[in-house]
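In what follows, a single structure is set out as structure tokens and then discussed.
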Amino acid sequence: MVVSGCPIRSNSKWLGGIRLSKTGDGRIGETFPMNQTEFPQRITLNKKENFLEILWQDGHLSQYPLPLLRAACPCATCRGGHENMRSEPDPMVFAVKLSDSPATRIDQIEATGQYAITIHWQDGHHYGIYTWHYLRALCPCSECRGIIHGEDTPSS
Ligand SMILES: [Zn+2]
Ligand SMILES: [Zn+2]
């Protein structure tokens, strides 16, 4: 896994490398039992055009405008209390239009375990833990938005 374009805190054991555990040999399939499509191969912060790009294991490319990421901040404060915290983003966040400000600019991204990143915004807010699952569900591309609209019904 490669992260480029932004400072990553050096306390992360694995962002910037592919080492996933102290005992693992770095092969994601063996050390990371989670649904592999929801695991990034590469995260890139494009500060010039203000978006965060995630290339997933299955080859899907997600490009998140930073105002969308901020609007979707999953922390309890932004979501209006712990009871409103969800593992998937509120569809309403796609309608929120934040203008460019320190609140929508990323200061740094910190690895949180093996399952998430914490985004530090330039206004000092850094409480949102964005899990891979949350980020994948937040993908704003038309393909993903079309899927998420329908009910998640079992296939059989
Ligand atoms: Zn927040
Ligand atoms: Zn998508």
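Every number here is computed from the coordinates shown, using simple stated rules; none is lab data. What you are looking at is a predicted structure, and each value in this text was computed from that prediction instead of being measured. Glycine also receives a Cβ, built like all others from the backbone with ideal geometry; neighbour counts cover every protein chain displayed.
At-a-glance table
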| read-out | value |
| --- | --- |
| Charge tally in the Cβ shell below 15 Å around His125, where Lys, Arg are +1 and Asp, Glu are -1, His125 excluded | 0 |
| Projected label distance in nm at Asn46 and Ser87, using a 7 Å step from Cα toward the beta-carbon | 3.1 nm |
